[in-house]
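Participant: I have a structure here, written as structure tokens, and I will follow up with some questions on it.
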Amino acid sequence: MTQYVLITSPKGGVGKSTVAQGLAVSAALAGLKVAVIDLDRQQSIMRWHRRRPANVSKVDAMECQWDAIDSIRTVTAHHDIVIIDTPTSVEEHIGEVKSLLGFSSLTLVPTGYSWADRESVIPWMKTVKAYAPAAFVLNRVRTVKALVDARRDLNRSGLICPVEIPTYEDVWQAQEVGLSACEIDSAKGGRDITSIWEFSRNLMTAGVAA
């Protein structure tokens, strides 16, 4: 059965596409047939996918518009895992987002650690976690004190992935050539991205078992 992972956050600049790319590649490296759905008008996923070398793990990428989300399950029925990357303007499409939540096995809410990030994503978590297992993913982490404060605030509203994506140049440089840092043995941040996939897989497995 195909499992769907929704990557969504109302806050811009928190690395939704980075998380989506990393999950997709990690799942593919684990031997699964993977697709990524790009709902963002900026087409970050599609541009990344066009840069991917031919000799790396296979990840399918597909564009989709908000008015065509009903077709997602049909066109991805032969995949094991489908990662759905949403744009920032999710509140403007709440009906469509709820439809996506209705068939998603897991929702990940990427966020930075600033107060502005937290004020944006905490109310959003209250919406998404009513539908399926959901967790925050802290991204672009730098300072220790701000990270501790962010964990405390986010923990009051939802589950937090125990691994963050640090601010490493390797993460962004890998994307420029259509890769994820988890595909490069020496890249900093690669093991962190793989760990987020493992956390997601465990949550989905627990949801099926329940």
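The values are calculated or read from the model by the stated rules, or taken from the named source; none is laboratory data. Quick caveat, the model's predicted, so the values are computed rather than measured. Positions of Cβ are backbone-derived with ideal geometry, glycine not excepted, and every protein chain shown enters the neighbour counts. Please note that ligands, DNA and RNA were not included when accessible areas were found on the heavy atoms of the full protein model with its side chains. Shrake-Rupley method; radii C 1.70, N 1.55, O 1.52, S 1.80 Å.
Participant: Counting only residues 5 or more places away or on other chains, whose amide H sits under 5 Å from the amide H of Ile160 once H atoms are built in the peptide plane?
Facilitator: Phe136
Participant: Considering only protein heavy atoms and a probe of 1.4 Å, how much of the accessible area of segment 84-202 is carbon and sulfur, as a whole percent?
Facilitator: Answer for segment 84-202 is 49 percent, counting heavy atoms of protein chains only.
Participant: Quick one: putting +1 on the C-beta of Lys and Arg, -1 on the C-beta of Asp and Glu, what dipole do you get for segment 79-208 around its Cα centre, in Debye to the nearest 20?
Facilitator: Using only the charged Cβ atoms, the result is roughly 620 debye.
Participant: Stick to the Cα atoms of segment 1-116, pair each with every other, and give me the Kirkwood hydrodynamic radius in Å at one decimal.
Facilitator: 14.3
Participant: Determine the gain in length on full extension of the stretch Val144-Glu176; use 0.36 nm per residue of separation and subtract their C-alpha separation, reporting nm with one decimal.
Facilitator: Using 0.36 nm per residue and subtracting the Cα-Cα distance, I get 8.7 nm.
Participant: In addition: Going by average Cβ neighbours within 10 Å, how do the peptides 33-42, 4-13 rank, with the highest at the top?
Facilitator: 4-13, 33-42
Participant: Further question on the same structure: Do the alpha carbons of any pairs in Lys58/Lys98; Lys129/Lys188; Lys16/Lys58; Lys98/Lys145; Lys16/Lys145 sit beyond 26 Å of each other, and which pairs?
Facilitator: Beyond 26 Å between Cα atoms: Lys58/Lys98; Lys129/Lys188; Lys98/Lys145.
Participant: Let me ask you something else. Going toward the positive end of the dipole of the chain, with +1 on Lys and Arg Cβ and -1 on Asp and Glu Cβ, which of Ala116, Thr143, Ser57 do you reach last?
Facilitator: With unit charges placed on the Cβ atoms, the residue in question is Thr143.
Participant: In what sequence, highest mean first, do 105-111, 163-169 appear when ranked by Cβ atoms within 10 angstrom?
Facilitator: So the order, starting with the most tightly packed, is 105-111, 163-169.
Participant: About its Cα centre, what dipole magnitude does segment 1-98 give when the only charges are +1 on Lys and Arg Cβ and -1 on Asp and Glu Cβ, stated in debye to the nearest 20?
Facilitator: Dipole of segment 1-98, to the nearest 20 debye: 440 debye.
Participant: If amide H atoms are built 1.01 Å from N in the plane of the peptide, which residues on other chains or at least 5 residues away come under 5 Å of the amide H of Val141?
Facilitator: So Val141 has HN proximity to Ile165, Thr167.
Participant: Under 5 Å between amide H atoms, partner at least 5 residues away or on a different chain: which partners does Glu63 have, H built in plane at 1.01 Å?
Facilitator: Asp38
Participant: Shifting gears a bit: Could you tell me which of Thr18, Ser44, Phe199 has its Cα farthest along the dipole of the chain towards the positive end, charges placed at Cβ (Lys, Arg +1; Asp, Glu -1), taken about the Cα centre?
Facilitator: Positive-most Cα among the choices belongs to Phe199.
Participant: Additional query: Per residue, how much accessible area does segment 53-143 have with a 1.4 Å probe, in Å²?
Facilitator: Dividing the accessible area of segment 53-143 by its residue count gives 46 Å².
Participant: Related question: May I ask for the equivalent-ellipsoid semi-axes of segment 144-187, computed as the square root of five times each C-alpha gyration tensor eigenvalue and listed largest first in whole Å?
Facilitator: Working from the Cα gyration tensor, I get semi-axes of 28, 11, 8 Å.
Participant: Please label the shape of segment 114-210 as rounded, prolate or oblate, based on the square roots a ≥ b ≥ c of the eigenvalues of the alpha-carbon gyration tensor (a/c under 1.5 means rounded; beyond that, a/b larger than b/c means prolate, else oblate).
Facilitator: Cα axes put segment 114-210 in the oblate bin.
Participant: How many angstrom lie between the Cα centre of segment 74-118 and the Cα centre of segment 1-17?
Facilitator: With segment 74-118 and segment 1-17 each reduced to a Cα centre, they are spaced 4 Å.
Participant: A further question follows. If we restrict to alpha carbons, what Rg and Dmax does the chain come to, in Å?
Facilitator: In order Rg, Dmax, the Cα atoms of the chain give 15.7, 46 Å.
Participant: May I ask you to give the percent of accessible area on segment 1-49 that is carbon plus sulfur, with a probe radius of 1.4 Å?
Facilitator: C and S fraction of accessible area: 46 percent.
Participant: Over segment 102-142, consider all pairs of different Cα atoms and compute the Kirkwood hydrodynamic radius from their mean reciprocal separation; express it in Å, one decimal.
Facilitator: 10.7
Participant: Another question, if that's okay. With θ set to phi - 60° and the Karplus curve 6.51 cos²θ - 1.76 cosθ + 1.60, what are the ³J(HN,Hα) couplings of segment 147-161 in order, to the nearest whole Hz, using x for Gly and Pro?
Facilitator: 5, 4, 4, 5, 4, 4, 5, 5, 4, 6, 10, x, 5, 10, 4
Participant: When the chain is fully extended, how far beyond the present Cα-Cα distance does Arg73 get from Arg41, taking 0.36 nm per residue of separation?
Facilitator: Length gained between Arg73 and Arg41: 9.5 nm.
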